[in-house]
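**Q** This is the structure I want to talk about, given as structure tokens.
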Amino acid sequence: RPLAWFADPGKYQYNTCEQIAGQKKNLTTREQELRQLMDKADQSAGGAVVNVLAYKADHVAAREELKVLEGTARSKNCETSDKWRSNTVVR
């Protein structure tokens, strides 16, 4: 199991594969939104401070949750989409 500061490694152990897939979809969207907000903040003066104060912890938490979901899906032998597999490799 991955080391996670913001995510509980056993959080999804009783979820079905369908529930895990739904959670992954929601968290992927959230992680992408946070990344876009961070990128936008980086373009302004003081953006690094805004990122740390407003977005960084949430972004790290979303990424850790995604890793937990991916690990749980693998341990349950859930079928995953090709896109999910390719995203896992990129990270």
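The values are calculated or read from the model by the stated rules, or taken from the named source; none is laboratory data. What you see is a predicted model, and the numbers here were worked out from it, not measured in a lab. Neighbour counts are summed over all protein chains in view; Cβ atoms, including those assigned to glycine, are modelled from backbone coordinates with ideal geometry. Calculation scope for accessible area: heavy atoms of the full protein, side chains included, ligands and nucleic acids excluded. Shrake-Rupley method; radii C 1.70, N 1.55, O 1.52, S 1.80 Å.
**Q** Among the residues of the range 15-27, is any open to solvent by 90 Å² or more (accessible area, probe 1.4 Å) and either β-branched (Val, Ile, Thr) or under 14 Å from the mean Cα position of the chain (by Cα) (or both)?
**A** Yes, the range 15-27 contains a residue that is open to solvent by 90 Å² or more (accessible area, probe 1.4 Å) and either β-branched (Val, Ile, Thr) or under 14 Å from the mean Cα position of the chain (by Cα) (or both).
**Q** Return yes when residue 66 is under 14 Å from the mean Cα position of the chain (by Cα) and within 14 Å of residue 9 (Cβ to Cβ) and no when it is not.
**A** So residue 66 fits the description; yes.
**Q** Same structure, new question: I'd like the residue in the range 6-34 that is of a type in the set (D, E, K, R) and under 13 Å from residue 68 (Cα atoms) and, out of all such residues, is modelled with the highest pLDDT.
**A** 24
**Q** Of everything in the range 35-91 that's modelled with pLDDT of 85 or more and of a type in the set (Ser, Thr, Tyr), which residue is most open to solvent (accessible area, probe 1.4 Å)?
**A** 75
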